[in-house]
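Input: a single structure, listed below in structure tokens.
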Amino acid sequence: MTSQVEYRTCPFCEATCGLELHLEDREVTLVRGDRDDVFSHGYLCPKGTAIKQLEGDPDRLRRPMVREGGTWREVDWPEAFAVVDEGLSRALDAHGRDAVALYLGNPSVHNLGLAIYNRVLAQSLGTTNVFSASTVDQMPKHVSAGLMFGTMLTIPVPDVDRTDHLLMLGANPFASNGSLLTAPDLPGRLRALRRRGGKLVVVDPRRTKTAEEADEHIALRPGSDALFLFALVHTLFADRLVDVGLAGPHIAGVDEIEQLARDFTPEVVAPHCGLDAVTIRRAAHELAAAEHAAVYGRIGTCLSEFGTIASWLVDVLNALTGNLDREGGAMFALPATGGGNTGGNGTGRGVRFGRHTSRVRGIPEVYGELPVVCLAEEIEQPGDGQVHALVTIAGNPVLSTPDGVRLDKALDALDFMVSVDIYLNETTRHADVILPSPSLLARGHYDVALYQLAVRNVANYSPPLVDLESGEMHDWEIMLRLANVVAGQGADADPRVLDDIVVAGLVDKAVQRAGSNVEGRDAAELVAELSQREGAERLLDLMLRTGPYGDGFGTDPDGLTLARLEAAPHGIDFGPLLPRLPNVLRTPSGKVELAPEPITADVPRLRASLDRPARNGIVLIGRRDLRSNNSWMHNLDILVKGKPRCTLQVHPDDAERIGLRGGGQARVTSRSGALHAAVEVTDAVMPGVVSLPHGWGHDVDGTALRVASEHAGVNTNVLADADAYDPLSGNAALNGIPVELTPA
Ligand SMILES: Nc1nc2c(c(=O)[nH]1)N[C@H]1C(S)=C(S)[C@@H](COP(=O)(O)OP(=O)(O)OC[C@H]3O[C@@H](n4cnc5c(=O)[nH]c(N)nc54)[C@H](O)[C@@H]3O)O[C@H]1N2
Ligand SMILES: Nc1nc2c(c(=O)[nH]1)N[C@H]1C(S)=C(S)[C@@H](COP(=O)(O)OP(=O)(O)OC[C@H]3O[C@@H](n4cnc5c(=O)[nH]c(N)nc54)[C@H](O)[C@@H]3O)O[C@H]1N2
Ligand code: SF4
Ligand SMILES: [Mo]
């Protein structure tokens, strides 16, 4: 038996904490925070420790599985891929490319092999029916960022370590550890902000842990963030507080914003927000007065029918207060792997949406995908272009997307389904084949996406700690083999041949790109230099070497390579964020587009909402718990033991009026469904608002989740309406759902 201590980045959320793992052979015996990690300095949360239980979970799939009727059989990889080939080819041959849909779930972003090869699979498949968890999450921010700055990931992050004033809407980092804001120990960073005399203001219908730790909690009505933010903008203009600062020369559209904000006075929006005008005006004045301030919005602002407008106004406010791209304000990361906004000259093609639309409802595509609110109907409705088969990659849409019951039925009706997943759960039980990712210990890890949104420029690579066991396959190889299958190459085709084509294509692009650190170099020479590595690591090395700190294949001998990261197990810190305007921009104008037409054209819809009478019925919102991770970590006893956490939080006034008791049951009904939930009476939620977390509802038949099924909870998304979405991004409006409550 060999004992080792190894370091790797936690892959469970966006915070990228360093873990210190104690191993006996393949077994994790102890998990601690890595004190020497350049970014997390020893911080970790209960989910990070649970890597031990996840590795040991007997329900975690370790071999490919094939379903025959109601029974599952472990098979070897050749057999699994033969079944996949038969099932997908049948659908493609009979009905064409669009007959096979793809759904990419959240963990596919946190897995190097899946994250890098997603696109290869999608391109080989060539379907317009691509869906992902992004349209129940952050798509509104991608849309607003793309239109304002030119790429979907050019998203400013609040410079939490140096700001004096943080206005945070719809986020609860004390539970979530931050999102579109990579900052290990974000709670600690927020406490430090207050210790140095700064102010934290939290806008949330619920008094969360984050709100309790803040200087001020503004409890607003769900779904009214866009109105609230517009009233802040209005106030800045009305009270002559606009000062765009040093970024001024790079910003277009300020005057248009003033016009647009004219109608949104604090007095007009206040009743819709459940606030008074004085609070709104004061919030605007404090934001403007702070030396360094930042506005940040997350889930609460995105999961609404005005998600894109709210996401946009967050950055409009950052710009109008002179805090965009400025130390202590909202800044852009410079990621080591490069990205859409590195290596160019500050202009680009910008973004365009709606190149195709969904078949049934005609909802426009964004960034090549369709909103997941359309998935069920695309399977159900017969006709040309109907979805007959589905590939899911690390996703559980039955629990995570609207109208879960309907989607559950739709999946049952598919001709064929294959899932790359580590559990037999509510979604994958409908699959014909499940292809499991290998043990976390056997994977290399690097957070390609998350470092693009980090509060410091950091790079950290975790090498595989153990070899694959027999029966395991690398994620990148699974993806390449799937790509071969859907490209008609067959189940036995060598994935390395396709991989070589992918690498050659990327190297060609790099040597042709003006200003790249390998511009004009011999592509074959570069490919040869990469040849000691394969799969995800080879592509990662290429990205790092051609990225902003890269060695350019010898151009800068001190520059970054994957080998250098391998020699730095605690990561490399490239320092705090630096201003990046105008070079970071990829808009055709080379300016920050403060008033992009697609968004300004949607403002009348928001204005019209002011004419609706302010609702006084009850609305439902979600929440997260520190020990949950969306739907998929509930099978780990250490994370679910204790008091049940899937409770319906109800304000005492509402409970009394309706006749609900803590510990009792409520029947909750919405336009799309009904459920019974355990009631928790608490004044943490504002009157008229109830809260139920998502990711529960593990009591369905045919899964293999022994622990989770004993802590089943209920699936809140049966209450979510597939007709409620933000038209600009297609993102589901999962918060602010009108519901009726009765005692059950
Ligand atoms: N009502 C409501 N609904 C919501 C939200 C909300 O706030 N309220 N939040 C939304 C958000 S932000 C998100 S991101 C989505 C998440 O939506 P999804 O991504 O669809 O769902 P997850 O619960 O993350 O499920 C992840 C799946 O990946 C599998 N998995 C985990 N690790 C691995 C791995 O390493 N390899 C592979 N192959 N599979 C793996 C799990 O077994 C599980 O099946 O939910 C959304 N749904
Ligand atoms: N422990 C844990 N951590 C996680 C996850 C998890 O499931 N568990 N999921 C990960 C994922 S995929 C994501 S995307 C991130 C999300 O990270 P966060 O955005 O921080 O997510 P939440 O904790 O759900 O916080 C959202 C807050 O919005 C509030 N809210 C609801 N409706 C509204 C509204 O209309 N307006 C405003 N202003 N607020 C509203 C809710 O009360 C809640 O407190 O967390 C990630 N981290
Ligand atoms: S905060 Fe996120 S990255 Fe850090 S240990 Fe917890 S789950 Fe892992
Ligand atoms: Mo998410």
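The values are calculated or read from the model by the stated rules, or taken from the named source; none is laboratory data. It should be emphasised that the depicted structure is a prediction, and the values quoted were computed from it without experimental measurement. Here the Cβ is made from the backbone with ideal geometry for all residues, glycine too, and neighbour counts use every protein chain on show. Keep in mind that these areas ignore ligands, DNA and RNA; they rest on the heavy atoms of the full protein, side chains included. Shrake-Rupley method; radii C 1.70, N 1.55, O 1.52, S 1.80 Å.
Quick rundown of the values:
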{"item": "Helices (runs of 4 or more DSSP H) within segment 528-613 that include 1 or more residues over 27 Å from PRO158 (Cα atoms) and either open to solvent by 10 Å² or more (accessible area, probe 1.4 Å) or not basic (Lys, Arg) (or both)", "result": "535-546, 562-566, 603-609"}
{"item": "Residue in segment 83-93 that is without any contact (Cβ under 8 Å) to a residue 24 or more places away in the chain and either open to solvent by 20 Å² or more (accessible area, probe 1.4 Å) or over 17 Å from the mean Cα position of the chain (by Cα) (or both) present", "result": "yes"}
{"item": "Meets criteria (surrounded by 23 or more Cβ atoms within 10 Å (Cβ to Cβ), assigned to a helix (DSSP H, G or I), in the same structural domain as GLU537 (by TED's automatic domain parsing) and within 19 Å of the chain's Cα centre (by Cα)) for GLY113", "result": "no"}
{"item": "Those residues of segment 13-28 which are open to solvent by less than 10 Å² (accessible area, probe 1.4 Å) and within 11 Å of ligand 3 (Cβ to nearest atom), in sequence order", "result": "ALA15, THR16, GLY18, LEU19"}
{"item": "Restricting segment 393-426 to residues that are within 16 Å of ligand 4 (Cβ to nearest atom) and not in a helix (DSSP H, G or I), the residue that is farthest from GLN53 (Cα to Cα)", "result": "PRO402"}
{"item": "Test: residue in segment 328-341 that is surrounded by fewer than 24 Cβ atoms within 10 Å (Cβ to Cβ), hydrophobic (A, V, I, L, M, F, W, C) and in contact with a His (Cβ under 6 Å, 6 or more places away or on another chain)", "result": "no"}
{"item": "Filtered residues of segment 726-744 (kept if at positive phi and open to solvent by less than 10 Å² (accessible area, probe 1.4 Å))", "result": "GLY730"}
{"item": "Qualifying residue in segment 626-647 (condition: in a loop (DSSP other than H, G, I, E, B), more than 21 Å from GLY170 (Cα to Cα) and either assigned by TED's automatic domain parsing to the domain that holds ALA270 or polar (S, T, N, Q) (or both))", "result": "yes"}
{"item": "The lone exception for LEU450 - which of (1) within 16 Å of ligand 4 (Cβ to nearest atom); (2) within 27 Å of ILE363 (Cα to Cα) it fails", "result": "(2)"}
{"item": "Any hit, segment 446-458, residues being outside any loop (DSSP other than H, G, I, E, B), of a type outside the set (Val, Ile, Thr) and within 24 Å of THR392 (Cα to Cα)", "result": "yes"}
{"item": "Subset of segment 686-725 that is over 22 Å from ALA133 (Cα atoms) and of a type in the set (Val, Ile, Thr) - its residue that is surrounded by the most Cβ atoms within 10 Å (Cβ to Cβ)", "result": "VAL690"}
{"item": "Odd one out for GLY274, checked against (1) surrounded by 17 or more Cβ atoms within 10 Å (Cβ to Cβ); (2) over 14 Å from LEU320 (Cβ atoms); (3) in contact with a helix residue (DSSP H, G or I) (Cβ under 9 Å, 6 or more places away or on another chain)", "result": "(3)"}
{"item": "Count of residues meeting criterion [open to solvent by 30 Å² or more (accessible area, probe 1.4 Å) and not in a strand (DSSP E or B)] in segment 666-685", "result": "3"}
{"item": "Residue tally, condition part of a loop (DSSP other than H, G, I, E, B) and over 15 Å from ILE116 (Cβ atoms), over segment 466-488", "result": "10"}
{"item": "Segment 569-608, residues that are small (Gly, Ala, Ser) and touching a residue at least 12 places away in the same chain (Cβ under 8 Å)", "result": "GLY571, GLY575, SER589, GLY590, ALA595"}
{"item": "Only one of ILE299, ILE257 that is within 16 Å of ligand 3 (Cβ to nearest atom) and at negative phi", "result": "ILE299"}
{"item": "Some residue of segment 478-488 being among the aliphatic types (A, V, I, L, M), surrounded by fewer than 23 Cβ atoms within 10 Å (Cβ to Cβ) and farther than 21 Å from LEU560 by Cβ", "result": "yes"}
{"item": "Within segment 489-505, considering residues that are open to solvent by less than 70 Å² (accessible area, probe 1.4 Å) and not in a loop (DSSP other than H, G, I, E, B), the one farthest from LEU542 (Cα to Cα)", "result": "PRO495"}
{"item": "Among (1) touching a residue at least 40 places away in the same chain (Cβ under 8 Å); (2) in contact with a strand residue (DSSP E or B) (Cβ under 8 Å, 6 or more places away or on another chain); (3) open to solvent by 20 Å² or more (accessible area, probe 1.4 Å) - the single one LEU153 does not satisfy", "result": "(2)"}
{"item": "Every residue from segment 41-55 that is within 15 Å of ligand 1 (Cβ to nearest atom) and either of a type in the set (Gly, Ala, Ser) or within 16 Å of GLU426 (Cα to Cα) (or both)", "result": "GLY48, ALA50"}
{"item": "Members of segment 368-409 that are at positive phi and either over 23 Å from the mean Cα position of the chain (by Cα) or crowded, with 19+ Cβ neighbours inside 10 Å (or both)", "result": "GLY383, GLY385, ALA394, ASP403"}
{"item": "Residue list for segment 709-737, restricted to those being farther than 12 Å from LEU303 by Cα and of a type in the set (Gly, Ala, Ser)", "result": "SER709, ALA712, GLY713, ALA722"}
{"item": "Selected residue [surrounded by fewer than 21 Cβ atoms within 10 Å (Cβ to Cβ) and within 16 Å of ligand 1 (Cβ to nearest atom)] from LEU620, LEU626, LEU639", "result": "LEU626"}
{"item": "Failed item in (1) open to solvent by 30 Å² or more (accessible area, probe 1.4 Å); (2) over 30 Å from PHE416 (Cβ atoms); (3) within 16 Å of ligand 1 (Cβ to nearest atom), with PRO107 passing the rest", "result": "(2)"}
{"item": "Top-ranked residue in segment 668-699 [being at pLDDT 95 or above, polar (S, T, N, Q) and within 27 Å of the chain's Cα centre (by Cα); ranked as farthest from LEU636 (Cα to Cα)]", "result": "SER670"}
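Residue-by-condition table, conditions (1) more than 30 Å from GLY559 (Cβ to Cβ); (2) not assigned by TED's automatic domain parsing to the domain that holds LYS52:
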| position | (1), (2) |
| --- | --- |
| SER470 | yes, yes |
| ALA483 | yes, yes |
| VAL497 | yes, no |
| ALA504 | no, no |
